[in-house]
Ligand code: FES
Ligand code: FES
């Protein structure tokens, strides 16, 4: 089987990898690039645990073929903290106990980052709808929503 | 937060620091089940039955074996025949559920598995395994399975618990019965009697992480296994049984676990991965797709339940009659036993009969799901209690208070309750502002309560003091929702050193003593007690080292806030750090182990208050406000106690309103995806208000009861009772989907 050569900027680094045409970006990130932060909860676009930013848009990596990522700029949860400093969302998730098992956390962080990047002052309802594509079975969402509210406040005050 | 006993001035217990494993989980570093990759690792794929019930006539693996990249293909014939070896029936069921032998019992039942170099090659090879089936008639519900002349899943199934034993086999695995007093007399004394019949559908635990296992077998019969589970010792035991080897041959390392809720206390992939790895001579990874998770793991039972209850006009319950049948799926073992014990356990009722049946049918074998068995029974009983209160015009909290189990009440399932906090949870709801919040049109309010035993079981812990005076706390209980934090908080309290100086570790099966599963709300209670015991041994050792250093008797030395102090102040104190540095001169490294079995379980109660708004045009129910009060005994880690409370409630709301297994007439699941099996999302819900009640469990060093499960018991009736309050229809079927609510509204206005 011939494999396609892909170049993309992943978490700020020029990255090259080989992939088969039918491979999802999620599997390519996890198996070829070695970034296992994005998780597969469903593989069908229904849980959001594979959420990454592709050219600043939050996307289910399980729904994108790896070759489509050629030339793209991708940010995964591993790229969220910059030079050792946690993103306010990460810090607020920790302080607000917004994770239990933590499998959904990478996806929520990326979806919440996409929201706050475009709307730094969302209402609770806006947060709930922006995160409605991300499933969490442990928390009941209460502490996740509060953590996003708190992070938004901190980002605005910076 | 309601505190019913004064906080005894703990420094760490009851605080909200950042969890020890948090950083790895917000940065993507934490390794869950599917995240491990080993050099040379193969990818596996499981072949599953498309039929609900069928004989396996033949399996031809030759085409699959010849496919590119394929390194191993296994079938049931690759495993020991436990039935022929005279094994325990329960073990045979585990083995044949893992991989079928002669017969498949549900759609999704494993028939074969393959391992190949790439995932795609494994998938192609799985499709090339040729299986010939002879399809048999199937039964999908308790009604079908219990009908006369129903097709049988197991030819030899004679109902247990019936005397004399029936002569003919059936699909009823067992019967349970609890009775007390005289039903006729009890109903005779009642001023109001309500009788209703309820049905519920199977629902899945819905953990977001699919099952995953990586095995690396050696040619000497030993194997290493990494898996995401609620108990790696349990995985070791089951895997060894299915493979017919000694548990000591298998080392299991716990991956981080992405949710379980009971569904990861059992094995599916582990023995298959080990066998494939043995056959291929290379490591093998098996990961389920989401549709496999739905078709072949979990769920919990669908049920049919009849409840008749009576009460006097001042609200005193006089009699209860409960009949229930629980689907077990393909093998005996529904949670009807626990359902029978919990159904009316909240109340002190003098006359009752509770009768239950464990019924097999052609669906996946049920697995534990958060307070297994209790939620469905509570949906039925708490709906009837609500109706009694309405008929008698009594406040729903007051009717529960009038009958509430308290210390000394003889529980419906036998023993007398020690100190429990049910009344306190009822009062916490009644005192909360939500209870008197005004409701708008089409809005309604519902109350419901629940009981769960909580478990104790076996745990081990080791505490090591490091050379700089920090401590490592080692247990074997997978941390599914913050238990590392509660271990560290209790250890900090005991040792008198900062929480941040403690590193809690979940060790593999060869590095720490035996631990039962993370289940039954037991870890903070039982593993926590083992940690406390080990810390106390360490403190004892530290005191004796200080005594030796000062050349005084042990009783001259006390341990205060992390340092040894001479009782008269005759010596300058020695801190844990000082003693750690000197350990080489005072007897060597400082560490202690503790192991225990089930000390002092504390029962858990929860009362909940739900406000809904029902759209009478569409039947859509929206939860607009929710309050849960739960007796935690002691909230060691309040953040994660609230998390358990909120998570349980929201799973219950999903169960109440949306979630159900849907099968077609061939017994094939029609909704095996998160698109069609819809669990609650953020936009469906309000905040979930929590009131932590603390009535300490007298049998635990910190008063812990366990908090993981009881929160899922009340929600279905809380929602149903709120719907009734809003639009005056009594819902008796789960889920209370828009179409059913709309039908009920239409029927009522006809
Ligand atoms: S794995 Fe991509 S949405 Fe679920
Ligand atoms: S924390 Fe477990 S799924 Fe969200």
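Restricting attention to the stretch A:16-32, the residues that are more than 8 Å from chain B (Cβ to nearest Cβ) and either within 11 Å of ligand 1 (Cβ to nearest atom) or closer than 25 Å to residue A:132 by Cβ (or both) total 4.
Looking across the stretch A:41-51, the residues that are within 14 Å of ligand 2 (Cβ to nearest atom) and either at pLDDT below 95 or at the interface with chain B (Cβ under 7 Å from one of its Cβ atoms) (or both) come down to A:41, A:42, A:46, A:47, A:49.
Can you tell me which residues in the stretch B:181-221 are away from chain A (no Cβ under 14 Å), in a strand (DSSP E or B) and either within 16 Å of ligand 1 (Cβ to nearest atom) or surrounded by 24 or more Cβ atoms within 10 Å (Cβ to Cβ) (or both)? Write out each step before concluding.
Taking the stretch B:181-221 and keeping what is away from chain A (no Cβ under 14 Å), we get B:181-202, B:213, B:215-221.
Next cut, in a strand (DSSP E or B) only: B:192-200, B:213, B:215-217.
The answer is B:198, B:200, B:213, B:215, B:217.
Taking strands (runs of 3 or more DSSP E) as the structural unit, those lying wholly within the stretch B:520-601 and holding at least 3 residues that are over 37 Å from the mean Cα position of the chain (by Cα) and more than 16 Å from residue B:462 (Cα to Cα) correspond to B:557-560, B:563-566. All conditions but one from (1) within 14 Å of ligand 1 (Cβ to nearest atom); (2) not in a strand (DSSP E or B) apply to residue A:35; the one that does not is (1).
Are any of the residues in the stretch A:119-126 out of contact with any strand residue (DSSP E or B) (no Cβ under 9 Å at 6 or more places or on another chain) and facing chain B (nearest Cβ under 9 Å)? Give the derivation first.
Applying the first criterion (out of contact with any strand residue (DSSP E or B) (no Cβ under 9 Å at 6 or more places or on another chain)) to the stretch A:119-126 yields A:119-126.
Filter once more, keeping what is facing chain B (nearest Cβ under 9 Å): A:124-125.
Scanning the stretch A:119-126, I find at least one residue that is out of contact with any strand residue (DSSP E or B) (no Cβ under 9 Å at 6 or more places or on another chain) and facing chain B (nearest Cβ under 9 Å), so the answer is yes.
From the list B:693, B:704, B:713, B:729, which residue is without any contact (Cβ under 8 Å) to a residue 60 or more places away in the chain, within 23 Å of residue B:375 (Cα to Cα) and more than 14 Å from chain A (Cβ to nearest Cβ)? Walk me through how you get there before you give the answer.
On the way: B:693 fails: without any contact (Cβ under 8 Å) to a residue 60 or more places away in the chain; B:704 fails: without any contact (Cβ under 8 Å) to a residue 60 or more places away in the chain; B:713 fails: without any contact (Cβ under 8 Å) to a residue 60 or more places away in the chain.
Being without any contact (Cβ under 8 Å) to a residue 60 or more places away in the chain, within 23 Å of residue B:375 (Cα to Cα) and more than 14 Å from chain A (Cβ to nearest Cβ) holds for just one of B:693, B:704, B:713, B:729, which is B:729.
Residue B:178 - would you say it is within 14 Å of chain A (Cβ to nearest Cβ) and in contact (Cβ under 8 Å) with a residue 60 or more places away in the chain? Judged against the criteria, residue B:178 is not a match. Among the criteria (1) within 23 Å of the chain's Cα centre (by Cα); (2) more than 9 Å from chain A (Cβ to nearest Cβ), the one residue B:663 does not fulfil is (1).
Cβ-Cβ contacts under 8 Å between residues 6 or more apart (or on different chains), taken from a first residue in the stretch B:183-200 that is more than 30 Å from residue B:301 (Cα to Cα) to a second residue that is part of a helix (DSSP H, G or I), are listed as B:191/B:392; B:192/B:388; B:192/B:391; B:192/B:392. Number of residues in the stretch B:246-261 that are outside any helix (DSSP H, G or I), more than 16 Å from ligand 1 (Cβ to nearest atom) and in contact with a strand residue (DSSP E or B) (Cβ under 8 Å, 6 or more places away or on another chain) equals 8. Residue B:44 passes every criterion in (1) touching a residue at least 24 places away in the same chain (Cβ under 8 Å); (2) surrounded by fewer than 21 Cβ atoms within 10 Å (Cβ to Cβ) apart from (2).
Restricting B:442, B:403 to residues that are on the phi > 0 side of the Ramachandran plot and in contact (Cβ under 8 Å) with a residue 12 or more places away in the chain narrows the list to B:442.
For the stretch B:84-98, which positions are part of a helix (DSSP H, G or I), out of contact with any helix residue (DSSP H, G or I) (no Cβ under 7 Å at 6 or more places or on another chain) and farther than 14 Å from residue B:156 by Cβ? Break it down into steps so the answer makes sense when it comes.
Of all residues in the stretch B:84-98, those part of a helix (DSSP H, G or I) come to B:89-98.
Of the ones still in play, those that are also out of contact with any helix residue (DSSP H, G or I) (no Cβ under 7 Å at 6 or more places or on another chain) are B:89-90, B:92-93, B:96-97.
Across the stretch B:84-98, the qualifying residues are B:90, B:97.
One residue stands out among those in the stretch A:132-148 that are touching a residue at least 40 places away in the same chain (Cβ under 8 Å), crowded, with 21+ Cβ neighbours inside 10 Å and over 20 Å from residue B:260 (Cβ atoms): the one that is nearest to ligand 1 (Cβ to nearest atom), which is A:148. Here residue A:70 clears all of (1) away from ligand 1 (no atom under 16 Å from the Cβ); (2) within 18 Å of residue B:26 (Cα to Cα); (3) touching a strand residue (DSSP E or B) at 6+ places or on another chain (Cβ under 7 Å) except the condition numbered (2).
Can you tell which of A:147, A:81 is over 11 Å from the mean Cα position of the chain (by Cα), within 8 Å of another protein chain (Cβ to nearest Cβ) and under 26 Å from residue B:639 (Cα atoms)? Give the steps one after another, and end with the answer.
Values: A:147 fails: within 8 Å of another protein chain (Cβ to nearest Cβ).
Result: A:81 is the single residue among A:147, A:81 that is over 11 Å from the mean Cα position of the chain (by Cα), within 8 Å of another protein chain (Cβ to nearest Cβ) and under 26 Å from residue B:639 (Cα atoms).
Here residue B:695 clears all of (1) touching a strand residue (DSSP E or B) at 6+ places or on another chain (Cβ under 6 Å); (2) more than 27 Å from residue B:453 (Cα to Cα) except the condition numbered (2).
Whenever a residue of the stretch B:283-303 is facing chain A (nearest Cβ under 10 Å), its partners that are in a helix (DSSP H, G or I), lying with C-beta atoms within less than 6 angstrom and at least six residues away or across chains, give the pairs B:287/B:34. Does residue B:676 qualify as being within 12 Å of chain A (Cβ to nearest Cβ), surrounded by fewer than 24 Cβ atoms within 10 Å (Cβ to Cβ) and under 30 Å from residue B:151 (Cβ atoms)? Judged against the criteria, residue B:676 is a match. Within the stretch B:75-85, the presence of a residue that is loosely packed, with under 14 Cβ neighbours inside 10 Å, without any contact (Cβ under 8 Å) to a residue 60 or more places away in the chain and within 14 Å of chain A (Cβ to nearest Cβ) is excluded. Scanning the stretch A:99-118 for any residue that is surrounded by fewer than 16 Cβ atoms within 10 Å (Cβ to Cβ), without any contact (Cβ under 8 Å) to a residue 60 or more places away in the chain and under 17 Å from the mean Cα position of the chain (by Cα) turns up at least one such residue.
Annotation: of all residues in the stretch B:256-273 being touching a helix residue (DSSP H, G or I) at 6+ places or on another chain (Cβ under 8 Å) and within 14 Å of ligand 2 (Cβ to nearest atom), the one that is farthest from residue B:370 (Cα to Cα) is B:256.
The values are calculated or read from the model by the stated rules, or taken from the named source; none is laboratory data. If you're wondering where the values come from, they're calculated on a predicted model, not measured in any experiment. Every residue, glycine as well, gets a Cβ built from its backbone with ideal geometry; the counts of neighbours run over all protein chains shown.
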